[in-house]
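> Just passing along the structure, written as structure tokens.
The values are calculated or read from the model by the stated rules, or taken from the named source; none is laboratory data. Predicted, not measured: the structure shown is a model, and the values here were computed from it. Neighbour counts are summed over all protein chains in view; Cβ atoms, including those assigned to glycine, are modelled from backbone coordinates with ideal geometry.
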Amino acid sequence: MIAFTICSKNFLGYALSLRATLQAHHGPITFYVAICDDIEGFDINAFDFEIISIDELGIPRFDEMRNRYNITELNTSIKPFVFSYLFDRHPGEHIIYLDPDILVVGPFTELLTCFESGADCVLTPHILEPAEFAEMEDRQFLNFGIYNLGFCAFRDTPQVRRVVAWWGRRLETQCVIDLQNGLFVDQKWADLMPAFINKTVILHHAGYNVAYWNLSQRLVRRENGHWLVNAQPLRFVHFSGNKIEDPTIFSRHSAQFRANNIGDLRLLLDSYRRSVHRHGHWYYSTLTYGFNWHGESGHNLHTPIGISAEREKATWVRPYFPMLASESLADFRHARTQMESILSRRRRTEVDAIPFDLDAYQLPGFCACCGKDSRFQVSGMYSSSTLEDGRVFPNWREHLNCLSCGLVNRVRACIHLFYQEISPSSDARIYITEQKTTTYDWLKERFPNVQGSEYWGDGCEPGEVISGIRNEDIQRLSFAADTFDHIMTFDVLEHVPNHKSALQELFRCLAPNGSLMMTVPFRPNSYEYEIRAELQSNGEIRHIMEPEYHGNPVDMEHGSICFRYFGWQLLDELREIGFCKARIVTYWSESLRYMGDPQLIITAEKPPALSVASDSIV
């Protein structure tokens, strides 16, 4: 499936939520977001899908359009140009457009059937029967348009290309909200499409495009775990006009329907609000729109600027952590195949950041742990490669120390992810398998119930405190079961002779619903481990490969032997032990200085004490 949406930067939380719910019902898809905004300085390569910029669309009169149109008009005006762009990228394919404020609830079975039956254009009407007494009565759709273009799909054919090109020419000057003259953005022009495109299918299915304008005709119910509308499967809800910060509002365009009178649909509204917030809305909504909000008309009743202004006044919000979460090597490989151009741009960015004739240098960026602009230290230490021009390519993973907080690349990313995905309480019980480190000190300042430890050697008892530092062998921890809400272990597991025993101990000490977060040396394209050394029954270490030692805070002279590099087998071992939601998160960001590819974090959870039904309703 190939799908796209269009939004400005401040709506990216919605777009990310849309993508997540699409993937939940269709698996891996090819997804694009066209950003209708000024993206100078915006970190488009941080995402694991392609961001399409305005410049890539080749719109002949865009400078005029951005001055003429308000934010609603401009976002809708570029739609045909994105279709044309994607036709060139995917010749002969069907391309689906969805507004960002959509929650996908089920698979698009009927739409796919239309494709298989030869449809070149698929549209959904606002209403499916007369509505003369409704709040949105049928006469109004003679102004707004018969079809709602929050959803539409086209196949790349010569005829469709001609019609889409005509549509684009019209929208260069006439994508306006001018109901008195029969125009409503891109949408009113779609009334002509069934006449222009021979194989147009009007999808008369109540499960598509449920929204405030047709809710008087559509009864949404949840029955036996399934979502139905008028006894048909519900496919997606279009939360047009929502104000995501206000749980009482269903749509600001409707006086009739509010959150307290929409029945079971309230459950989906609440789920949708959580999803949008989870995908970074609090951060993205603070980003300023780069063009003319009101357009040359000086007003925009459809999308009042007051909502955006209210969001932009918010206090500092930690930037959203963009990530690719994979549950298997196959998932990871598929996603990376879709990211080839992104990965190439990331590599170029990293190469361009390396100066000539400097062994150590600093790069500017934003530290999500400090919450401010900072500089990040880099050197050639630990590097294993050199560019053709002689520059040393850094081991980014072990560098990019923030000069303010002192945390390195991978640790900053872990803490960022911890705040975003876990939202720990200030009194959370946290165990981290280190104590003589900057990371431990940083956490202890913010979470008084942090417990750290180091491994002093076999001569010390588990739990023994030496010079203020607790000794623990993570293969046999001294803590009681269910002691901690969260456990963090960063580059420790590779130094443990029996890593499975360590994982079992971490599971035992973690409370139900608790989270595990860890980093290890990892082979991203391999399921199997690379075994470098092993501890024999006589207590001696047998080296299978050239010995590799890493830093050890309690033995700086000798370091710690690395027994293995991990592979995707680690996730299966976590699941066998009893962890759930085991996944590997990969990430990259130039602006946050999370560089090096692929960088990864392993996360998992301990299930609840008793098996309970999932709270997911989508």
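> Could you grab me the full set of residues in the stretch 102-141 that are in contact with a strand residue (DSSP E or B) (Cβ under 7 Å, 6 or more places away or on another chain) and more than 23 Å from residue 178 (Cα to Cα)?
Result: 102, 103, 104, 105, 106, 111, 114, 115, 119, 120, 121, 122.
> If you scan the stretch 339-349, which residues turn out to be crowded, with 16+ Cβ neighbours inside 10 Å and closer than 15 Å to residue 31 by Cβ?
Correct list: 339, 342.
> What are the pairs with Cβ atoms under 6 angstrom where one residue, in the stretch 489-506, is closer than 10 Å to residue 519 by Cα and the other, located anywhere, is β-branched (Val, Ile, Thr)? Sequence gap at least six, or different chains.
As it stands, the answer is 489/433; 490/519; 491/519; 492/433; 493/520; 494/520, since those pairs meet every condition given.
> Filter the stretch 23-38 down to the residues that are touching a residue at least 40 places away in the same chain (Cβ under 8 Å) and in a loop (DSSP other than H, G, I, E, B), then identify the one that is nearest to the chain's Cα centre (by Cα).
Only one residue fits best here, namely 28.
> Looking at 77, 53 in this structure, which one is out of contact with any Gly (no Cβ under 6 Å at 6 or more places or on another chain), among the hydroxyl-bearing types (Ser, Thr, Tyr) and surrounded by 20 or more Cβ atoms within 10 Å (Cβ to Cβ)? Please lay out each step first, then the result.
Values: 53 fails: surrounded by 20 or more Cβ atoms within 10 Å (Cβ to Cβ).
Selected residue: 77, the only one of 77, 53 that is out of contact with any Gly (no Cβ under 6 Å at 6 or more places or on another chain), among the hydroxyl-bearing types (Ser, Thr, Tyr) and surrounded by 20 or more Cβ atoms within 10 Å (Cβ to Cβ).
> If you don't mind, another one. Which one of the conditions (1) without any contact (Cβ under 8 Å) to a residue 12 or more places away in the chain; (2) within 18 Å of residue 218 (Cβ to Cβ) does residue 89 fail to meet, given that it meets all the rest?
Exception for residue 89: condition (2).
> Then there is this: Inside the stretch 591-604, can you point out the residues that are over 19 Å from residue 523 (Cα atoms) and buried (at least 20 other Cβ atoms within 10 Å of the Cβ)?
Step one: filter the stretch 591-604 for residues over 19 Å from residue 523 (Cα atoms), giving 591-593.
Within the stretch 591-604, 592, 593 meet the criteria.
> Taking only pairs six or more apart or across chains, which ones have beta-carbon atoms under 6 Å, a first residue in the stretch 133-162 that is touching a residue at least 12 places away in the same chain (Cβ under 8 Å), and a second residue that is surrounded by fewer than 15 Cβ atoms within 10 Å (Cβ to Cβ)?
Pairs found: 135/256; 143/179; 156/91; 156/92.
> A further question on this structure: For the stretch 129-200, please list each of the helices (runs of 4 or more DSSP H) lying entirely inside it that holds at least 1 residues being in the same structural domain as residue 6 (by TED's automatic domain parsing) and of a type in the set (Ser, Thr, Tyr). Write out each step before concluding.
Details: elements: 141-144, 158-174, 193-196.
Correct list: 158-174.
> Restricting to the stretch 408-424, count the residues that are touching a residue at least 40 places away in the same chain (Cβ under 8 Å) and outside any helix (DSSP H, G or I). Full working, then the answer.
Taking the stretch 408-424 as the starting set, the residues that turn out to be touching a residue at least 40 places away in the same chain (Cβ under 8 Å) are 409-422, 424.
Of the ones still in play, those that are also outside any helix (DSSP H, G or I) are 424.
Selection size over the stretch 408-424: 1.
> Condition (residue is free of Cβ contacts under 8 Å to residues at least 24 places away in the same chain, among the hydrophobic types (A, V, I, L, M, F, W, C) and either surrounded by fewer than 21 Cβ atoms within 10 Å (Cβ to Cβ) or outside the structural domain of residue 578 (by TED's automatic domain parsing) (or both)) applied to the stretch 444-453: is it met by at least one residue?
There is at least one residue in the stretch 444-453 that is free of Cβ contacts under 8 Å to residues at least 24 places away in the same chain, among the hydrophobic types (A, V, I, L, M, F, W, C) and either surrounded by fewer than 21 Cβ atoms within 10 Å (Cβ to Cβ) or outside the structural domain of residue 578 (by TED's automatic domain parsing) (or both).
> Still on this structure, I have one more. Can you spot a residue in the stretch 478-487 that is aliphatic (A, V, I, L, M), in the same structural domain as residue 523 (by TED's automatic domain parsing) and surrounded by fewer than 21 Cβ atoms within 10 Å (Cβ to Cβ)?
So in the stretch 478-487, the residues aliphatic (A, V, I, L, M) come out as 480-481, 487.
Among the residues that remain, those that are also in the same structural domain as residue 523 (by TED's automatic domain parsing) are: 480-481, 487.
Keeping just the survivors that are surrounded by fewer than 21 Cβ atoms within 10 Å (Cβ to Cβ) gives 480-481.
Yes, the conditions are met somewhere in the stretch 478-487.
> Which members of the stretch 323-337 meet the condition of being in contact with a Pro (Cβ under 9 Å, 6 or more places away or on another chain) and surrounded by fewer than 17 Cβ atoms within 10 Å (Cβ to Cβ)? Show your work before the answer.
First, the residues of the stretch 323-337 that are in contact with a Pro (Cβ under 9 Å, 6 or more places away or on another chain): 324, 329, 331-332, 334-336.
334, 335 - these are the residues of the stretch 323-337 that are in contact with a Pro (Cβ under 9 Å, 6 or more places away or on another chain) and surrounded by fewer than 17 Cβ atoms within 10 Å (Cβ to Cβ).
> Oh, and also: Name the helices (runs of 4 or more DSSP H) wholly inside the stretch 46-109 in which the number of residues that are in the same structural domain as residue 22 (by TED's automatic domain parsing) and within 21 Å of residue 335 (Cβ to Cβ) is 2 or more. Talk me through it step by step, then tell me what you get.
On the way: elements: 54-57, 62-68, 71-77, 79-89.
So the answer is 79-89.
> Could you please give the count of residues in the stretch 199-230 that are touching a Ser or Thr at 6+ places or on another chain (Cβ under 9 Å) and either β-branched (Val, Ile, Thr) or under 19 Å from residue 257 (Cα atoms) (or both)? Let's see the steps before the verdict.
Initial filter on the stretch 199-230 (touching a Ser or Thr at 6+ places or on another chain (Cβ under 9 Å)): 199, 201-205, 208-209, 211-213, 215.
With the extra rule that they be either β-branched (Val, Ile, Thr) or under 19 Å from residue 257 (Cα atoms) (or both), the set shrinks to 201-202, 208-209, 211-213, 215.
Within the stretch 199-230, residues that are touching a Ser or Thr at 6+ places or on another chain (Cβ under 9 Å) and either β-branched (Val, Ile, Thr) or under 19 Å from residue 257 (Cα atoms) (or both) number 8.
> Residues of the stretch 182-206 being surrounded by 16 or more Cβ atoms within 10 Å (Cβ to Cβ), polar (S, T, N, Q) and farther than 15 Å from residue 80 by Cα, which ones?
200
> Then there's this: So which of 279, 294, 299 is within 24 Å of residue 240 (Cα to Cα) and modelled with pLDDT of 95 or more? Talk me through it step by step, then tell me what you get.
Numbers: 294 fails: modelled with pLDDT of 95 or more; 299 fails: modelled with pLDDT of 95 or more.
Of 279, 294, 299, the one residue that is within 24 Å of residue 240 (Cα to Cα) and modelled with pLDDT of 95 or more is 279.
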